[in-house]
Amino acid sequence: MKSMIRDIKLAPSGHDKIAWVKNFMPVLNHIDAEYSKTKPFAGKKMVITMHLEAKTAYLGLVLMHAGAELIVTGSNPLSTQDDVAAAMVEEGATVFAWHDCTPEEYDMFIDKALEAKPDLIIDDGGDLVYRIHNEHPDLIPNIIGGSEETTTGVIRLHALENAGKLKFPMIAANDAYCKYLFDNRYGTGQSTWDGIMRTTNLVVAGKNVVIAGYGWCGKGAAMRAKGLGANVIITEIDPIKAIEAVFDGFRVMPMSEAAAIGDVFLTLTGCKDVIRKEHFQKMKNGAILANSGHFDVEINIPELKEISTSVRRVRNNIDEYKQADGKKLYLLAEGRLVNLAAGDGHPAEIMDLSFGVQFFSILHILQHHAELENKVYLMPEEIDVELAKIKLQSLGIKIDALSQEQFDYLYKA
């Protein structure tokens, strides 16, 4: 198979980026040292659809060192970094991705990757799994199983499972403790504001920041916004999460009320039409709209266009939507993941844990698929614990251990 990338000559800077993050990913380094010797994925074709940047590339290299024949495609049209894609090709991966691909190219890249007839898959958002089930069912008998990186993807997997349509086992890597507690909270929290601040070059302190959704990603984004000095407002549909937000010190109200007072709006729900026409019409002149949910559907862009008299790019990754009364609203990164489309994604130290989860999830599928049904599984807890131990050791941190007497007190009848 021949790769389809923007330009192989960009590879040197991609190699530099991968080498940089490798310095800060001790869990993956540990995994690489161990499994590059045993090569458990030898003879297996693996298709991964993920945000193609340096940290993902290093996971890909670790999987290749562990024996996998790797085929890679991007999970978001704006998150692929062309120099990293080129570097991966030079390292021996087959890559179908380039930055700012069209929707047609995006689907075509997935189709091209699937021509490899994979044994294992790693998905990010569910597009790969859905394309296999709906467009390439002939591939299903060959697929051992896979893992899913995101909340959105896990929701889509459960929908398939509940409908009795899931045709191979998948591990919800997103739902592992070492993934969502750190990646979704600290990773999304920091990288989202990295993307917003880098793109706008505006101060956060003193602004009214409206955050839609108080799941783990929303918690992280709210925590970081508060730390930057913002007045944080939460919108929610879940009464329990709403109470949690109140007890965490945030104002909670419907989007219909928040729309009139927000300066920055950030969606992190995984749902569609969270901010729509009725909200745009209430917003202040100069309000900024951004999304850190997986797909570009949380902010209803067609309705934003409908009420606008002009749309123009005013700065890289900022589109100005001007309305008949002269009011201007600013959409960041075309409503796509602002932390990746307008930034470099989560910090390396955070993705180190997440990609450790991914590695062991796909390894678990390989080693235990004969025992697994066509369901969505959690990664075994003991793997989570082992990952945390490796991370603590790399940080030089020691913790206490139960004595035998304490263990018996807690766990023996």
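Here the accessible area of segment 1-146 is 52 percent carbon and sulfur, with a 1.4 angstrom probe and all protein chains present. Between Asp238 and Tyr411, the modelled label-to-label distance comes to 3.0 nm, taking each label 7 Å out from Cα in the direction of the beta carbon. Relative to the longest principal axis of the Cα atoms of the chain, the long axis of helix 216-227 makes an angle of roughly 50 degrees. Comparing Ser36, Ser403, Ser361, which has the greatest mean-square fluctuation in the GNM of the chain with Cα pairs linked when under 10 Å apart? Maximum fluctuation in the GNM of the chain, among the listed residues, is at Ser403.
Compared with the dominant Cα axis of the chain, that is its longest principal axis, helix 26-38 is turned about 30°.
Among Trp216, Trp98, the order of accessible area from largest down is Trp216, Trp98, computed with a 1.4 Å probe on protein heavy atoms. Go ahead and collect, in residue order, the members of segment 148-173 whose backbone nitrogen is under 15 Å from a label point 7 Å along the Cα-Cβ direction of His368. Counting backbone N atoms under 15 Å from the label point, the list is 148, 169-173.
Which entries of Lys241/Lys375; Lys219/Lys282; Lys179/Lys282; Lys2/Lys389; Lys207/Lys305; Lys219/Lys391 have Cα-Cα distances beyond 30 Å here? Violating the 30 Å limit, Cα to Cα: Lys179/Lys282; Lys2/Lys389. Counting DSSP beta bridges in the chain, what percent are antiparallel, to the nearest 5? Once the DSSP bridges in the chain are tallied, antiparallel ones form about 20 percent. Within the listed set Ile171, Ile399, Ile140, the Gaussian network model of the chain (springs between alpha-carbon atoms below 10 Å) gives the highest mean-square fluctuation for Ile399. Apolar share of the accessible surface for segment 170-285: 55 percent from carbon plus sulfur atoms, 1.4 Å probe.
Tally Lys/Arg at +1 and Asp/Glu at -1 over every other residue whose Cβ is under 12 Å from the Cβ of Ala388; what's the total? With Lys, Arg at +1 and Asp, Glu at -1, the neighbours total -2. Taking label points 7 Å from Cα along the Cα-to-Cβ direction, Asp100 and Lys165 give a separation of 3.5 nm.
Bridge orientation summary for segment 227-364: considering DSSP beta bridges with both residues in this region, about 50 percent are antiparallel. Averaged per residue, the chain has 44 square angstrom of accessible surface, using a 1.4 angstrom probe with ligands and nucleic acids left out.
For Lys282, Lys277, Lys412, Lys179, the ranking by accessible surface with the largest value first comes to Lys412, Lys282, Lys277, Lys179, using a 1.4 Å probe.
Work through the residues other than Asp119 whose Cβ is under 10 Å from its Cβ and net out their charges, Lys, Arg +1 and Asp, Glu -1. Result for the local shell: +2.
Grab the DSSP H runs of the chain that are 4 residues or longer, score each as -39,500 (n - 2.57), total them, divide by all residues and round the 222 nm result to the nearest 500 deg cm²/dmol. Only helices count here, giving -12500 deg cm²/dmol. Placing dummy labels 7 Å off each Cα toward the beta-carbon, the span from Phe247 to Leu395 is 2.5 nm.
If you take all other residues with their beta carbon under 15 Å from the beta carbon of Ile299, and give Lys and Arg +1 and Asp and Glu -1, the sum is -3. In vacuo Debye scattering of the chain, one point per C-alpha: log10 I(q)/I(0) at q = 0.11, 0.12 Å⁻¹? Result of the Debye calculation: -0.84, -0.98. For the chain, modelled as a GNM whose springs connect Cα atoms under 10 angstrom apart, the maximal fluctuation among Thr309, Thr267, Thr56 occurs at Thr309.
Order Ile5, Ile155, most accessible first, counting only protein heavy atoms with a 1.4 angstrom probe.
Working: Ile5 35, Ile155 100 Å².
The ordering from most to least exposed comes out as Ile155, Ile5.
Under 8 Å for C-alpha pairs, at least 6 residues apart: give me the relative contact order for segment 212-339, rounded to a whole percent. So the answer I get is 20 percent.
The values are calculated or read from the model by the stated rules, or taken from the named source; none is laboratory data. Just so it is clear, the structure is predicted and the values come from calculations on it, not from any experiment. Note that we place each Cβ from the backbone using ideal geometry, even for glycine, and neighbour counts take in every protein chain shown. Accessible surface is based on the protein model in full, side chains and every heavy atom, while ligands, DNA and RNA are left aside. Shrake-Rupley method; radii C 1.70, N 1.55, O 1.52, S 1.80 Å.
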